[in-house]
Amino acid sequence: MRAEERVIDNIGKMLILSLSACELLRKAVLEKNKILLEEISRIERDGDDLRRSTARQIYRGAFLPYLRTNILRLVEDVDDILNTTDKAGKYFRKIEDLGFLENSIEIERILDLNVMLCKILSKNFIEFFKVPEKLSEAMIVVRMLEKEADNLKHSILENLKKKDLEFWDGIFTFNFIEALEEISDVVEDTMDTLQVVVLSL
Amino acid sequence: MIEIELISLVAFLLIAFSIGSNDTSNAFGICIGCRIISVRKSIIPLFALVLIGALFQGDRVVKTVGYELVATSVQISAVALIISAVIIVIANIRGLPVSTHQVIVGSLFGSGVAFGTSVSVETLSKIVLSWLLSPFISGFLAILVFLSIEKFLRHYNFLQVEKILKSLLLCSAVVIAYNMGANELATAIAPIARSRDYHSIAFLGAISVSIGAFTLSRRIAETLCKGITTLDPKSGLSAHFGAGLAVYLFTILGMPVSATYSLVGGITAVGLLKGVRTVKFRVLKRIALNWAFAPILAFILSSIASKIYLWI
């Protein structure tokens, strides 16, 4: 396998990991099962290993120098999806009063959106390199979903204001919701970087 | 007489070493910078291509410079090569870019005039015209290559394009390395071609070029790599290929032209194609001044050295 193919393959594996992490986060939050969150941290560490190995491949000469900066940025963006998912999981673990989850279809929707976004990216990643038109179409969908996640976040925070929460629980809940929405932001950033890479040749 | 011949041989080897250390970057520099090939691995193909170039087509440039331009003698060649070697080595140490061709032609002509031997102004005019035309022809070819690449690569995906560009960079490096033997090394051989066996001199020259490439070209290739990152691969490749083809065309015509100046022409043309703002005209002005100054300086210094030699 060529060094370039190994890099693409590694990024593909990182994207599959990020999809698994998002699915696990969804399951952990909806089932209020904090034990599952440990698995997300393990996945995040696996992603770190892949990021280091990919960066080494790039340093050793994979891709033309002109492309290396953006390819490395793409790797870091994908790693950021994993980091943000892990961050959301860690905040969730710290929340003691999970009452805000009762009847919150909005939080469930954001979790679903994150899974959908990661699925779009990971399932079509190789295809995007081959058919740039498909990437442009996916970009439009990703932007729409990200906007929806952003709107939902503000709506959740408005509702949260009305609740009587203990100080630390309030902070951790706020941070958790922020991190949850940030995942969709990072996926959008990854798509932007991917588009720069694909169009740069 | 033997001492003079030996000195001119040493001066020739020094020039060949300098060609290797400086101009290898024109050929394999981008490939080394892009890590398509390592410095160590590039030495053997470089040696082979330079030697093949010098043996197969070097005679055309040797005929123009060594036979038609000046009726050389051992003394004329010795003075011209020593002055050329001194200018090239000092320029290299001080980091000033000079064209080996221009320095050798300027020195040889200056020496020939000072010694009062027969010199051909017509041949000199043709050579100067080649120097003037080569950056423009290189630029024209670079644009053609750029447009063809743009059209051809449209049908391929990202990873295929990357692979094709790398292969084309290697092909382009092969053309330029061949030109190094057929044009650049041949120009350095030209002054001593009458008094020595061409094949053995070409072999010695190719070895000296390879040693120069191995010892000093890594630093230059690294510098080039840093510079190339700001140039997109298609533009860089087009300029490289355009320059390679232009120098090859002039080699067929027997004209000694600089790959570096051709490369400058190629880069400028592709830059202009993308927009006037991308071209740094101040840098171009400095290159043009240097282009005019080097052969004149070589001519003057060589004339003075020859007069001193005759006076002694």
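The values are calculated or read from the model by the stated rules, or taken from the named source; none is laboratory data. Predicted, not measured: the structure shown is a model, and the values here were computed from it. Because the Cβ atoms are built from the backbone with ideal geometry, glycine has one as well, and the counts that use them run over all protein chains shown.
Quick look at the numbers
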| read-out | value |
| --- | --- |
| Selected residue (criterion: farthest from the other protein chains (Cβ to nearest Cβ)) from residues of region B:253-262 that are part of a helix (DSSP H, G or I) and surrounded by 24 or more Cβ atoms within 10 Å (Cβ to Cβ) | B:261 |
| Residue count for region A:31-53, restricted to those that are loosely packed, with under 14 Cβ neighbours inside 10 Å and either among the hydrophobic types (A, V, I, L, M, F, W, C) or within 14 Å of chain B (Cβ to nearest Cβ) (or both) | 1 |
| Criterion violated by residue A:76 - all others in (1) surrounded by fewer than 19 Cβ atoms within 10 Å (Cβ to Cβ); (2) over 18 Å from residue A:12 (Cβ atoms); (3) at pLDDT 95 or above satisfied | (2) |
| Some residue of region A:113-131 being farther than 15 Å from residue A:15 by Cβ, more than 14 Å from chain B (Cβ to nearest Cβ) and surrounded by fewer than 21 Cβ atoms within 10 Å (Cβ to Cβ) | no |
| Search result, residues across region A:85-122 that are charged (D, E, K, R) and either at positive phi or touching a residue at least 12 places away in the same chain (Cβ under 8 Å) (or both) | A:86, A:87, A:90, A:93, A:94, A:96, A:97, A:106, A:108, A:109, A:112, A:119 |
| Single residue of B:149, B:143, B:164 found to be touching a Ser or Thr at 6+ places or on another chain (Cβ under 8 Å), surrounded by fewer than 23 Cβ atoms within 10 Å (Cβ to Cβ), within 14 Å of chain A (Cβ to nearest Cβ) and not polar (S, T, N, Q) | B:149 |
| From B:159, B:170, residue being within 14 Å of chain A (Cβ to nearest Cβ), modelled with pLDDT under 85 and in contact with a helix residue (DSSP H, G or I) (Cβ under 7 Å, 6 or more places away or on another chain) | B:159 |
| In region A:170-201, the residues that are more than 14 Å from chain B (Cβ to nearest Cβ) and in contact with a Phe, Trp or Tyr (Cβ under 7 Å, 6 or more places away or on another chain) | A:172, A:173, A:175, A:176, A:179 |
| Test: residue in region A:60-67 that is within 14 Å of another protein chain (Cβ to nearest Cβ), surrounded by fewer than 19 Cβ atoms within 10 Å (Cβ to Cβ), more than 18 Å from the chain's Cα centre (by Cα) and part of a helix (DSSP H, G or I) | no |
| Any hit, region A:83-102, residues being within 14 Å of chain B (Cβ to nearest Cβ) and either of a type in the set (Lys, Arg) or in contact with a helix residue (DSSP H, G or I) (Cβ under 7 Å, 6 or more places away or on another chain) (or both) | no |
| Positions within region B:261-287 being over 18 Å from residue B:140 (Cβ atoms) and at pLDDT 80 or above, in sequence order | B:285 |
| Yes/no for residue A:56 being surrounded by fewer than 17 Cβ atoms within 10 Å (Cβ to Cβ), without any contact (Cβ under 8 Å) to a residue 12 or more places away in the chain, more than 14 Å from chain B (Cβ to nearest Cβ) and assigned to a helix (DSSP H, G or I) | no |
| Test: residue in region B:35-45 that is away from chain A (no Cβ under 14 Å), buried (at least 22 other Cβ atoms within 10 Å of the Cβ) and modelled with pLDDT of 85 or more | no |
| Condition check for residue A:167: hydrophobic (A, V, I, L, M, F, W, C), away from chain B (no Cβ under 14 Å) and touching a helix residue (DSSP H, G or I) at 6+ places or on another chain (Cβ under 9 Å) | no |
| Some residue of region B:119-126 being in contact (Cβ under 8 Å) with a residue 24 or more places away in the chain, surrounded by fewer than 17 Cβ atoms within 10 Å (Cβ to Cβ), of a type in the set (Val, Ile, Thr) and closer than 30 Å to residue B:4 by Cβ | no |
| Tabulated pairs, region A:1-19, first touching a residue at least 60 places away in the same chain (Cβ under 8 Å) and within 14 Å of another protein chain (Cβ to nearest Cβ), second acidic (Asp, Glu) and surrounded by fewer than 21 Cβ atoms within 10 Å (Cβ to Cβ), C-beta under 9 angstrom, 6+ apart or interchain | none |
| Residue in region B:193-236 that is surrounded by the most Cβ atoms within 10 Å (Cβ to Cβ), counting only those that are in contact with a Ser or Thr (Cβ under 6 Å, 6 or more places away or on another chain) and at pLDDT 75 or above | B:213 |
| Wholly within region B:1-117, helices (runs of 4 or more DSSP H) carrying at least 2 residues that are under 30 Å from residue B:283 (Cβ atoms) and not hydrophobic (A, V, I, L, M, F, W, C) | B:2-24, B:39-62, B:74-94, B:100-115 |
| Selected residue (only one of B:71, B:16, B:11, B:80 is among the small types (Gly, Ala, Ser) and under 17 Å from residue B:214 (Cβ atoms)) | B:16 |
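Here is a yes/no grid of residues against (1) at pLDDT 95 or above; (2) out of contact with any helix residue (DSSP H, G or I) (no Cβ under 7 Å at 6 or more places or on another chain); (3) of a type outside the set (Ser, Thr, Tyr):
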position: A:2; (1), (2), (3): no, yes, yes
position: A:7; (1), (2), (3): no, no, yes
position: A:17; (1), (2), (3): yes, no, yes
position: A:21; (1), (2), (3): yes, no, yes
position: A:29; (1), (2), (3): no, no, yes
position: A:32; (1), (2), (3): no, no, yes
position: A:36; (1), (2), (3): no, no, yes
position: A:42; (1), (2), (3): yes, yes, yes
position: A:45; (1), (2), (3): yes, yes, yes
